[in-house]
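Since the structure comes first, as structure tokens, the remarks are kept for the end.
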Amino acid sequence: MLIHNISQLLTLAGGPQRGAELGSLGLLSHAAVLVRGGIIETIGPENILLQTYPNEPRFDAGGRVVMPAFVDPHTHLVWAGDRAAEFELRLQGKTYQEIAASGGGIRSTVRATRAASVEELKAQARPRIQAMLRHGTATAEAKTGYALQHPGELNQLQALLELDAEQDLEILPTYLGAHDIPPEFEDNPDGYVDLLCTQMLPEVREWWQAHAPGRPLPFVDVFCETIAFNLEQARRILETARGLGFPLKIHADEFDNLGGAALAAQLGAVSADHLVKTSPQDIAVLAASQTVAVSLPCTPFGLADPHYTPARQILEAGGLLALATDLNPGTAWCESMQFVIALACRYLRLTPAQAIAAATINAAAAIGQAERIGSLEPGKQADLLILTVSDYRHLGYRFGGNLAAHLFKRGELIY
Ligand code: NIG
Ligand code: FE
């Protein structure tokens, strides 16, 4: 298939973009894209490709922007129930931490998720997946973390694998058994850390090898915060996971700076996520590493908190910055990377070009997939998004709507 009549082709070619490089769109005019077997075969001048491949089926992009599909590298896609009542409580003055301390928050979703079957979890996730696809996301990372015991956490992994197999959104699972201290261990958090390290993580590995043979192990993530796991506990869990061969992620500095971002960098984690309260020292450590800094601007927005990731400082330090939705029922029920870009332009002070790169090639790097997706280059998977507009800057500039016209996954038109 030859995609032609493109106003701006954003290739994002050249790999993940660090620091001041962020925003290199690789913009081509009068270019066309040849897709075969789900892979991008050639990108070149439109007149030459039309002449060279006269019999190739054509797709007319209608004089609009063509770019890589969005990659969403941080979601909590699978959960049961909702927390609309907590949203209202927060607007009446309660904080997220106060609600969590009184048994709400993550624990309220844990109660609903523990009570749900794998089928129910999948049924509740499907409309979210549809919304992600409709808004131009073709690949997403997705976490467990709402059972905090086995087999519940494994059921969440099972739901993610089955959802990945049944529909078009490509899902990369993360095991987040360390999302919160389960109620059973309220007075003994170290007991839960022991259980995670000695039993649950080895069980996940065994379960994965039996249920997803040949597939790379999922990421292991920890919520490192005053209201969840402290730095020493996070270190123990992540070191154990690393020893078992899992790639690592961390939730750090959403509310308090405990040092989780620097820990992630030291342990060679693929990403460190949230990063609102990250100190200048930790930014320097992170920026000097291969760990991708993932900002989740929907989360402070969802909490009506005026503090966002110090993105400009991360870029000035030479860091790798990506964006994600954090789709979850507590702080950020948002499926749209377009809305994330709009927030990033305003509160992180990114330009549309920087935000687009952070939502594509750098987002792919944040899940270890930058060799395969996140840019349009010969040999890469043909995950392409056609916008309804002819100027890419309308991403960011416009918000609250949907500028996705068509989405291709592995060369197939899926939306
Ligand atoms: O990334 N912070 C921890 N996890 C989610 C919130 C989950 C929830 O409140 O259910 C987050 O913001
Ligand atoms: Fe999260």
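The values are calculated or read from the model by the stated rules, or taken from the named source; none is laboratory data. Here the structure is a predicted model, which is why all the values come from computation and not from measurement. No Cβ is skipped: glycine too gets one built from the backbone with ideal geometry, and neighbour counts run over all protein chains shown.
Mind listing just one residue for me: the one in the range 87-102 that is within 16 Å of ligand 2 (Cβ to nearest atom) and surrounded by 15 or more Cβ atoms within 10 Å (Cβ to Cβ) and, of those, farthest from the chain's Cα centre (by Cα)? My answer is Ala100.
So, in the range 328-347, how many residues would count as being more than 17 Å from Thr360 (Cα to Cα) and not in a loop (DSSP other than H, G, I, E, B)?
Residues of the range 328-347 that are more than 17 Å from Thr360 (Cα to Cα), as a first pass: 328-334, 346-347.
Next cut, not in a loop (DSSP other than H, G, I, E, B) only: 328, 332, 346-347.
Of the residues in the range 328-347, 4 are more than 17 Å from Thr360 (Cα to Cα) and not in a loop (DSSP other than H, G, I, E, B).
Kindly indicate whether Phe229 is within 21 Å of the chain's Cα centre (by Cα), aromatic (Phe, Trp, Tyr), farther than 19 Å from Ala365 by Cβ and within 16 Å of ligand 1 (Cβ to nearest atom). Answer is no for this residue.
So which pairs qualify, if the first residue must be in the range 155-181 and closer than 14 Å to Ala241 by Cβ and among the small types (Gly, Ala, Ser), the second must be part of a helix (DSSP H, G or I) and away from ligand 1 (no atom under 16 Å from the Cβ), the Cβ gap must be under 7 Å, and the two must be at least 6 apart or on different chains? If the second residue must be part of a helix (DSSP H, G or I) and away from ligand 1 (no atom under 16 Å from the Cβ), the pairs left are Gly177/Leu196; Gly177/Met200; Ala178/Leu196.
Is it the case that some residue within the range 237-244 is within 14 Å of ligand 2 (Cβ to nearest atom), without any contact (Cβ under 8 Å) to a residue 40 or more places away in the chain and surrounded by fewer than 24 Cβ atoms within 10 Å (Cβ to Cβ)?
First pass over the range 237-244, keeping only residues within 14 Å of ligand 2 (Cβ to nearest atom): none.
No, the range 237-244 has no match at all.
Picking from residues in the range 304-322 that are in contact (Cβ under 8 Å) with a residue 60 or more places away in the chain and among the small types (Gly, Ala, Ser), the one that is surrounded by the most Cβ atoms within 10 Å (Cβ to Cβ) is Ala322.
Of Ala264, Ala272, Ala287, Ala293, all but one fail to be surrounded by 19 or more Cβ atoms within 10 Å (Cβ to Cβ) and without any contact (Cβ under 8 Å) to a residue 24 or more places away in the chain; the exception is Ala272. Check Thr278, Thr325 and return the single one that is part of a loop (DSSP other than H, G, I, E, B), touching a residue at least 60 places away in the same chain (Cβ under 8 Å) and hydroxyl-bearing (Ser, Thr, Tyr). The unique qualifying residue is Thr325.
Report yes if Leu387 is more than 18 Å from the chain's Cα centre (by Cα) and under 17 Å from Ile39 (Cβ atoms), otherwise no. Please lay out each step first, then the result.
Details: more than 18 Å from the chain's Cα centre (by Cα): yes; under 17 Å from Ile39 (Cβ atoms): no.
Taking the combined requirement at face value, the residue does not satisfy it.
When only residues in the range 175-226 that are of a type in the set (Asp, Glu) and under 24 Å from Glu254 (Cα atoms) count, which is farthest from the chain's Cα centre (by Cα)?
To start, the set of residues in the range 175-226 that are of a type in the set (Asp, Glu) comprises 180, 184, 186-187, 190, 194, 203, 206, 221, 225.
With the extra rule that they be under 24 Å from Glu254 (Cα atoms), the set shrinks to 180, 186-187, 190, 221, 225.
Numbers: Asp180: 20, Glu186: 30, Asp187: 32, Asp190: 29, Asp221: 13, Glu225: 20 Å.
My answer is Asp187.
Going through (1) of a type in the set (Val, Ile, Thr); (2) away from ligand 2 (no atom under 16 Å from the Cβ); (3) touching a Cys at 6+ places or on another chain (Cβ under 7 Å) one by one, Ile250 falls short only on (2).
Screening the range 332-353 for residues that are surrounded by fewer than 24 Cβ atoms within 10 Å (Cβ to Cβ) and among the hydroxyl-bearing types (Ser, Thr, Tyr) and picking the one that is farthest from Leu407 (Cα to Cα) gives Tyr347.
Selection over the range 97-129 of residues that are farther than 30 Å from Glu170 by Cα and either among the small types (Gly, Ala, Ser) or at pLDDT 95 or above (or both) gives a count of 7.
Of the residues making up the range 1-48, just one is over 15 Å from Leu376 (Cα atoms), free of Cβ contacts under 8 Å to residues at least 40 places away in the same chain and in contact with an Asp or Glu (Cβ under 7 Å, 6 or more places away or on another chain), namely His30.
For the range 116-153, a residue qualifies if it is away from ligand 1 (no atom under 16 Å from the Cβ) and either of a type in the set (Gly, Ala, Ser) or touching a His at 6+ places or on another chain (Cβ under 8 Å) (or both), and the qualifying residues are Ser117, Ala123, Ala131, Gly136, Ala138. Selection over the range 356-398 of residues that are surrounded by fewer than 16 Cβ atoms within 10 Å (Cβ to Cβ), assigned to a loop (DSSP other than H, G, I, E, B) and in contact (Cβ under 8 Å) with a residue 40 or more places away in the chain gives a count of 6. Here is the figure for the range 164-184: residues that are of a type outside the set (D, E, K, R), under 22 Å from Arg372 (Cα atoms) and not in a helix (DSSP H, G or I) total 6. Hey, can you tell me all the residues within the range 208-226 that are away from ligand 1 (no atom under 16 Å from the Cβ) and among the hydrophobic types (A, V, I, L, M, F, W, C)? Correct list: Trp208, Ala210, Ala212, Leu217. Examine the range 378-391 for a residue that is touching a Lys or Arg at 6+ places or on another chain (Cβ under 7 Å), acidic (Asp, Glu) and either within 25 Å of Phe219 (Cβ to Cβ) or more than 16 Å from ligand 1 (Cβ to nearest atom) (or both), and state whether such a residue exists. Yes. Which one is nearest to the chain's Cα centre (by Cα), of the residues in the range 311-322 that are more than 16 Å from ligand 2 (Cβ to nearest atom) and not in a helix (DSSP H, G or I)? Among them, the one singled out is Leu321.
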